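Below is one structure, written out as structure tokens; the observations come after it.
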Amino acid sequence: MQQADYSSATVFVPGHITGFFSAQTAATCAQAGSRGAGIALTDGVEVTVTPGSGLQLNGEEIEMLPVGDVCTRLGVDAAVDATTSLPLGAGFGVSGALALGTALAANAVFDCGKSENELITMAHCAEVEAGTGLGDVVAQARGGLPIRIDPGSPSHGRVDGVAARPRIEYISFGEVSTETVLAGDTDDLTRAGESALSHLLERPTLSRFMTASREFADDAGLVTEEVATAIDAVAKADGDSGDDIDSSAAMAMLGNTVFATGTGLSAAGYDAQQCRVDAGGARLCDS
Ligand SMILES: Nc1ncnc2c1ncn2[C@@H]1O[C@H](COP(=O)(O)OP(=O)(O)OP(=O)(O)O)[C@@H](O)[C@H]1O
Ligand SMILES: CC(C)(CO)[C@@H](O)C(=O)[O-]
């Protein structure tokens, strides 16, 4: 086991909403993952690592396979203490954030000497193998509105981005288990994800991203009643408003959650959270 070098380190990891994705298998976890696109959020997870053991999220002890896996890969005994305003299991990539934050912070505390790409790969592999995510870690490491053109960790995946920085609103009606969806039949979902990606790559704009995300959720059969109602309400409020701010909404994968650009959800009468795009990606905080 590595000896501790610093007494603690803290990392900020943006939340990540996936608009659409297709599952991609491969011979190694570093090559596997998903193709798709999403948004990194200024609302994220702050992960603090000290020597010790256990994982706490907002003061409560929780179990999360990828976090333990990252510590094993690094050969460290770490206590992980994380805080977030984002809900767990609702499509904000909280599990990816915990895995990536743990990798970056533990590397500093235990002086593991790994590069950023090596640490991203460890967190990515831990997520893929646990079935809790396929593309969140790579997207959270980059920031912005990442388009994951090819799957996998940084040395394999090819990532571009939508050049936009909209204001974002979101509201969650509950959880969807990523593990359950990914363990089921993903053929329809993957077909829909491939079609959404081609559509976006033809013209990689914010409005195309939102349209492709809505079409994906419909085609993949993932839309819940609450999500459908909120998306329709945003479209109606946008049509009624007559202002220049273009708002539209889509479903966050994989959660019973809606996100909107501009003031889409609040204009439709929802008590939504507001944030912006996090352009910088996961980073160590000053000590
Ligand atoms: N109280 C809890 N509520 C929900 N999940 C929990 C809880 N405690 C531990 N978990 C674990 O957290 C993980 C949540 O993973 P999941 O991938 O669904 O969430 P997420 O990363 O926040 O969202 P997403 O991947 O959809 O963006 C699961 O492995 C689950 O077993
Ligand atoms: C599978 C997924 C939608 C879970 O959040 C995400 O990891 C992605 O986009 O690959």
| query | Under a 5 Å amide H to amide H cut-off, with H placed in plane at 1.01 Å, what residues pair with residue 147 once short-range neighbours are removed? | reply | 160, 161, 162
| For segment 224-232, Karplus couplings with θ = phi - 60° (6.51, -1.76, 1.60), whole Hz, Gly/Pro x | 8, 4, 5, 5, 4, 4, 5, 5, 5
| Comparing 181, 70, 162, which has the greatest mean-square fluctuation in the GNM of the chain with Cα pairs linked when under 10 Å apart? | 181
| Once amide H atoms are built 1.01 Å from N in the peptide plane, which residues 5 or more positions from residue 278, or in another chain, come under 5 Å H to H? | 40, 41, 42, 144
| Vicinal HN-Hα couplings computed from phi for segment 254-271 (Karplus, 6.51 cos²θ - 1.76 cosθ + 1.60; Hz; Gly/Pro x) | 10, x, 8, 9, 10, 10, 9, 8, x, 10, x, 6, 5, 5, 8, x, 8, 8
| Which whole-Hz ³J(HN,Hα) couplings does segment 26-34 yield from phi under the Karplus relation 6.51 cos²θ - 1.76 cosθ + 1.60, θ = phi - 60°, glycine and proline marked x? | 7, 5, 10, 5, 5, 8, 7, x, 9
| residue 78 long-range amide H proximity, modeled H, under 5 Å | 52
| Dimensions of the chain along principal axes (Cα, Å, largest first)? | 61, 38, 31
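Read-outs: derived from the displayed coordinates by stated rules, not from any lab. The shown structure was predicted, so the numbers you read here are calculated from the model rather than taken from an experiment.
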